[in-house]
Structure formats: C-alpha cells, structure tokens
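The values are calculated or read from the model by the stated rules, or taken from the named source; none is laboratory data. In this text the structure is predicted, and so the values were computed from the model without any measurement. Positions of Cβ are generated from backbone atoms using ideal geometry, with glycine treated the same way; all protein chains shown enter the neighbour counts. Ligands, DNA and RNA are stripped out before the accessible areas are found, and what is left, the full protein with its side chains, is counted by its heavy atoms. Shrake-Rupley method; radii C 1.70, N 1.55, O 1.52, S 1.80 Å.
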Amino acid sequence: MRLMLHSFQKDVRRLWPAVVVTWVMLLELARTDRWRGDWIPSAVEGWMTMLLTMAWACLVALAILEEPLVGDRNFWTTRPHRWPPLLFAKLLFVVLAIHLPSFLADVYILASRGFSPAAFLGELLGKQILFFAAVTLPSLALASLVRSFTHFVILVFTIAAGILILNGGFQNFPEFTSQRNDVRYAVLRILLAAAALAVIWMQYAHRRVIPARVIALAAGLAAAALSTWLPARAEYAVGSSPEPPRIALRQAPLMQDAAQRTGRGQPTVLLPIAIDSGARFHIPIIDVEITVPDGTRIEAVHPSPNRHFDKIDLTAYPFFTSNSGSPDWLTLSFSRSAWEHVKNARVHITGTVAIEYYHPGRTTILPTQGSGEVADLGRCTTLTTDDGRTQAFKLECESPRELPAAVMVLRHEASGREWKERLSSSITYMPGPHETWLSPLHRGESFFHLVDVMTPGPGSQWLVPASDLPSARLEITPEIVTGHALARFDFPGVALSTWLVHGR
C-alpha cells in the first residue's frame, strides 16, 4: 500500500497539468451538453466529445509510461518495485483523474436537466464501466506495449483513422431508422476487454513484449473483421422467433400514383408483398439479392457517405400505402445500367427481412407549450420556434435511458384534422461528428411545420395552420420492443418491368 501511494503521488505531481487540461475540456463539454436544445449536438460538442476521448487515452498513456514496460534499461526496474502495487497505482490515478470527474459531470448534467441522479445511479455507473472497458483498458494495454509516448500517439491516430474508414467517415446526419447493434457491440467489447486484460497481465506480471503484441494485433484484426463483415441481420438472428412471419407476393394492380412518392429519377419497381404476422412490427433491415438468368447477381446496398445513391446498383426498402402498420410494397430502385440488365428478364429475387416486434405503450397528452413526463419515454418539452423564415412546433424528449421509438399525433378536434410524426424523424444537416457517447442523456425530437395560410398542393398535408395550434393537443405513444425475428423470402420468375412505376 505504501509503495502504491508513493507511485500515485509521483504521477499526480508530474502529470497534474495534463489532468487539468482534460478537466477544462470536460467542463466545457458538460456546459455545452447541459444547455443543448437539439437532439443533434453542435460542432463544439461533437468535436469535443471525440477530442476529450483521445485526450483521456493519452493521459492514461502518460501515466503508464512514467514506468515503461518495454526495454531493459528503465530506471524503475532496478528498484524493489513489485508489479501489483505499480498496476494498482496506475488504476487509482486513472479512476481519480478520469472516471470520477466524468461521473461528477454526468451528475451535474442530469441535475441541471431536472433528473434525479440517485434515481439513475445504475445508468451512470454502467456508463463508466462501459467507458473503462472500451477506452481506458485498451489504452492502458496499448501504452504497456510501446517504448514512448510518441509511439502511442501514432498508434492512437492509426486506430482512429481505421475506425473512421470502417464507419464510412463522419455522418452529416444520424440514421432515421435505428438498427440493433447490441450483439456486435457486446462481442467487440468482450473481445477488446479480454485482449487488454491479457496484455496487461502479461506485461506487468512477466514483461513478455512479443507475445503481448501478438495478442493485441490479433485482437485488433479480429475487431476490424467483425465490424466489417458481421452482417447487420446477425443482430436479429440471435434469439430470433422460432416461427418468423411468412412473406409472399400478392395480387395487386400497379400503383399509378407512386412516381411522386418513390425514386429519385432512377428506375423504381414496386412489388406487392404480404407479411403474415399477428403482431405489430417494424422493418429496420431488408437484404435483397436479384439473380438474372445469365447468372449475374445484384445485391441491394445501404447508402452511406462513401456509397452515394448514384453509385449504387440497387437499393431496397419497404413502402406503406395502408394504415395497418405492415408494409404492402417492396421498393426496388435500380441504377440505369443495372435496370438495362434486368428489365427484359424474369429474375429470381431472394432476401432477408429483419423484423422488430413492438406493442404501443401508454399514450400521454402534452400541452402545445410546456413539458411533462411521458411513460416509458422520458421528459418531453413542446415549444414553438421561429427563425425568421419558417415556423415550427417542436417536440424535444430526453432520458438517461435509451429512448424507444414513438409516434406523435398533433390533433385538432374542432376541424377533425391530425398530423403524425415519429420521434427523431426531423433532422438538421450539419458537418462534423455528431456522436455524443460521453453524454449521460439520450435525446430525440420532431417538428411540425407551421404556416399562416394553407395553400393546396403536394406536401400540404404535412403543414399545420398556426391558428390551430393553441387549441390542438399532442399525443405521444411509445413503441415498446417485445422481440425480433429474421424472415426470408423467395420470389422466382418475377418480371420486374410489370411493376415499374418510375424511370420508364
């Protein structure tokens, strides 16, 4: 204990300027998070989240490299310094310099936003455990494998560049449809944490540099492979319902009015489908593969910043025309070259549909100006915004727990009109990173556009007369996930040109 405290005090004396810098960054991030009024963070908060994470990783490395483990000429190795007190001194420094301030900042943010930190203590502690496993522990392991801080910084930037490449760069906007990533993240966290623990034990207990570096390299390659090739549908295959719904083609006339609602000038096909399910569900993922008689295969691709719509041969997504909650059409949008290849052939369409079952939660009614607690969702606030050009009725929701999907209905009983939106269906485009993994809050919002005078025309059904707003009411219904399934379909001999609605 005495030797551990001596090492800890020495690290504090030498590294306190770096610690103060990270605390100043944390204070600015907490202040920005505490005053944020949008579910998408500002450029300051997005960049500060990323920079503070890297700064903390560097702080861990500085502490570890006070007594480097690589090489045989380090002065501390000539002293009677056993490895357990040394390791515990580093862990104590990390907890007091990083995790305790981060925990206190989270408490401050929750209290400032009107939440009781004591009521969400489990979520706050769980956030610190996840950060320790995902950032602190790997940083400690990496620092134990290098000779100098310069080498560590090069490694950190290399890893950050690899993560950016695997994620397709910075998104300018979050995804509209959230997909489950629990299995992927859990596997990656367990893999990296286990590898980090093995490296730390091998370095501190035995100082076996080469085997430890092999373990770290193998874990990094395995994590990159899982991130790249583990299909998104694997999330829904784990624990999937033993009897997934049946998907079949149905008889239906061609939708003549769909051209304005689908496509971007590209050839677009609407296939009438029927999904046999006795429960409500969402479809977060559709994988489609089309096989042409000559053996050519065309796979649907999900657009991303590195895969623009114009560079993709095929995209697929569900299309709704009924109020049953079940999609009744499968939309296939082709590039011009891909369409020329399939338009005159009878193709074989196969695919997989990830299904997420849910049931509606309790409906809560909010005033058009004010705030209140929404069961199974969190605290929601309504207000009117006006930027000088457009007016909007805005809904903001936040909670220390992850927000489920939710449906908002703005209802005006006097006129019998109503307008529907989904939580986080409205976004603000902005450059830079928008991830806020250091925030203790989950946020979402939606807009209803207000107009002074209603004019008939396309899209007018989404506009709300400003005069109706004071006498309207907002109903919010969360959608609680109850299970998931993975359903497959097989449609042989389909003539796509029969169902072409756009791009003739």
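Positive end of the dipole of the chain (Cβ unit charges, origin at the Cα centre): among ALA316, TRP201, ALA375, the Cα lying farthest that way belongs to TRP201. Peptides 199-210, 88-99 ranked from most to least packed by the mean count of surrounding Cβ atoms within 10 Å: 88-99, 199-210. The mean sequence separation of alpha-carbon pairs under 8 Å and at least six residues apart, normalised by the residue count of the chain, gives a relative contact order of 18 percent. Along its first, second and third principal axes, ordered by size, segment 1-144 spans 56, 31, 25 Å in Cα coordinates.
In a reduced charge model with +1 at each Lys and Arg Cβ and -1 at each Asp and Glu Cβ, the chain shows a dipole moment near 1660 debye about its Cα centre.
Legend: calculated FRET efficiency, ARG389 to SER425, from the Cβ-Cβ distance at R0 = 25 Å, rounded to 0.05, equals 0.75. Per residue, the convex hull spanned by the Cα atoms of segment 352-430 measures out at 179 cubic angstrom. To the nearest 10 degrees, how steeply does helix 2-35 sit against the main Cα axis of the chain, on a 0 to 90 scale? Here the helix axis deviates by roughly 30 degrees. Here the chain carries DSSP beta bridges of which approximately 95% are antiparallel, counting only pairs with both residues inside. With every protein chain in place and a 1.4 angstrom probe, the accessible-area ranking of THR49, THR363, largest first, reads THR363, THR49. Using a probe radius of 1.4 angstrom, the carbon and sulfur fraction of the accessible surface of the chain is 60%. Each 5 Å bin, from zero up to the one with the longest distance, holds this percent of the alpha carbon pairs of segment 377-423: 5, 15, 22, 22, 19, 11, 5, 1. Relative protection proxy for 183-190, 340-347, from highest mean packing down: 340-347, 183-190 (other beta-carbon atoms within 10 angstrom). Contact order, relative form, for segment 353-418: 20 percent (alpha carbon pairs under 8 Å, 6 or more residues apart, mean separation divided by residue count).
In the chain, helical runs assigned H by DSSP with n ≥ 4 each contribute -39500 (n - 2.57); averaged across all residues and rounded to the nearest 500, the mean residue ellipticity at 222 nm is -11000 deg cm²/dmol. Our coupling estimate for segment 142-158, obtained by passing each phi through the Karplus curve with A = 6.51, B = -1.76, C = 1.60 and θ = phi - 60°, is 4, 5, 6, 9, 10, 8, 9, 5, 4, 4, 5, 4, 4, 4, 4, 5, 5 Hz, Gly and Pro reported as x. In the chain, the inverse of the mean reciprocal separation of distinct Cα atoms equals 26.3 Å; this is its Kirkwood hydrodynamic radius. Couplings 3J(HN,Hα) for segment 121-130, derived from phi with the Karplus relation 6.51 cos²θ - 1.76 cosθ + 1.60 (θ = phi - 60°), are 4, x, 5, 5, 5, x, 4, 5, 5, 5 Hz, where x marks Gly and Pro.
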